Structure formats: C-alpha cells, structure tokens
Amino acid sequence: MTQFPSNLKRFYDDSLHAPILEGATIGRLLVVDPNGSGEKNKRLEFDTAPRARYGFTWRGIKRPHDRELGIGGGELIVLDLQTNEVIAVRRGYAIWNRGWTHRVCPRYGYDGGEDKGTAFTARFVMRVVKPPRWKEYFQYLEKTRKLPPGAERFTD
C-alpha cells in the first residue's frame, strides 16, 4: 500500500491508496459527506459485482503531435454493466494555451462550451441513462447557474 507523506495524510482517506482486493473487478469512488469537499471526503472501495445498472469510464486520446500543437482529447464512455454494451461515447478535445483553457471542441452550447467539470460529465451521462427526475435536477441547476457571455441555457 502506498503511504501518504505524513504532512498530507490528513487530507486523504487511506482507501485511496489501498491495494486492490483479490478478485475485484469494480472500483467505486464514493462521496462520504454530500456537503463536504476535498479528497478526504472521497472513499475508494472494490467489489466483485456492480451495484448499478450503468457505469462510465474515460480514456484519453493521444495522436502524434497533439500535445506539441496544444491539443488534448478524451472519450467518455457509458456502459450497460449487465450486458457490457457500450451505450454512448462522447469524444472531445481541449486547447492548451499556457495552461488548459477548458474550452472544448465541439462546443456543446451550455456553459459557453467551457465547463469541463463534474457538470459536464453529469449532463452527458444523465441524458444517456435518464435516471428518475434527471430533468428536475438540471432545472434546479439552471436557476442558479451564471452564464458567460454568449452562452445559452441548457434545455432538453
């Protein structure tokens, strides 16, 4: 097991560097306190079977000269965990200009095409798997979201 330096241990849960259990095929990152934040609020557990019907993963896209040209790419893949079927794939790219700008291509229209945070992933996954009350969730977010110049509200 990898140990955190003693001065950083207070910020992380030990489970984030625990060894993978024998026979485990699923890694699950859990939020300990919905109102908390930071890495100490996350716990990693391993299991032999999924609890959820759907899952998602991300993989990077790397082609010759991408990084030299300031381009970074990735794919978000949504899976049916019961059938192992790929349900949806979103491929996107970001631009480097003295730091990752969070400007994405293609521009998706919401958040000015710039939100590469959790909401960016959540919007895609929820639109694919459509959990109960997913539209209400987005309507709630829209009430408080600040729009950058030229951005449009998310609608579906």
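The values are calculated or read from the model by the stated rules, or taken from the named source; none is laboratory data. Just so it is clear, the structure is predicted and the values come from calculations on it, not from any experiment. With ideal geometry, Cβ positions are generated from the backbone for all residues, glycine too; neighbour counts draw on all protein chains shown.
Against the condition over 21 Å from Val125 (Cα atoms) and at pLDDT below 80, how does Phe11 come out, does it pass?
Against the criterion (over 21 Å from Val125 (Cα atoms) and at pLDDT below 80), Phe11 qualifies.
For the structure I just gave you, tell me whether Asn97 is within 26 Å of His65 (Cα to Cα), modelled with pLDDT of 65 or more, loosely packed, with under 15 Cβ neighbours inside 10 Å and among the polar types (S, T, N, Q).
yes
Looking at segment 39-60 only, could you name the residues that are part of a strand (DSSP E or B), modelled with pLDDT of 85 or more and not hydrophobic (A, V, I, L, M, F, W, C)?
Result: Glu45, Asp47, Tyr54, Gly55, Thr57, Arg59, Gly60.
Name the residues in segment 17-33 that are under 25 Å from Leu79 (Cβ atoms), modelled with pLDDT under 80 and part of a loop (DSSP other than H, G, I, E, B), would you?
Residue satisfying the conditions is Ala18 alone.
Of everything in segment 61-84, what is over 13 Å from the mean Cα position of the chain (by Cα), part of a strand (DSSP E or B) and either loosely packed, with under 10 Cβ neighbours inside 10 Å or not aliphatic (A, V, I, L, M) (or both)? Give them in sequence order.
Gly72, Gly73, Asp80
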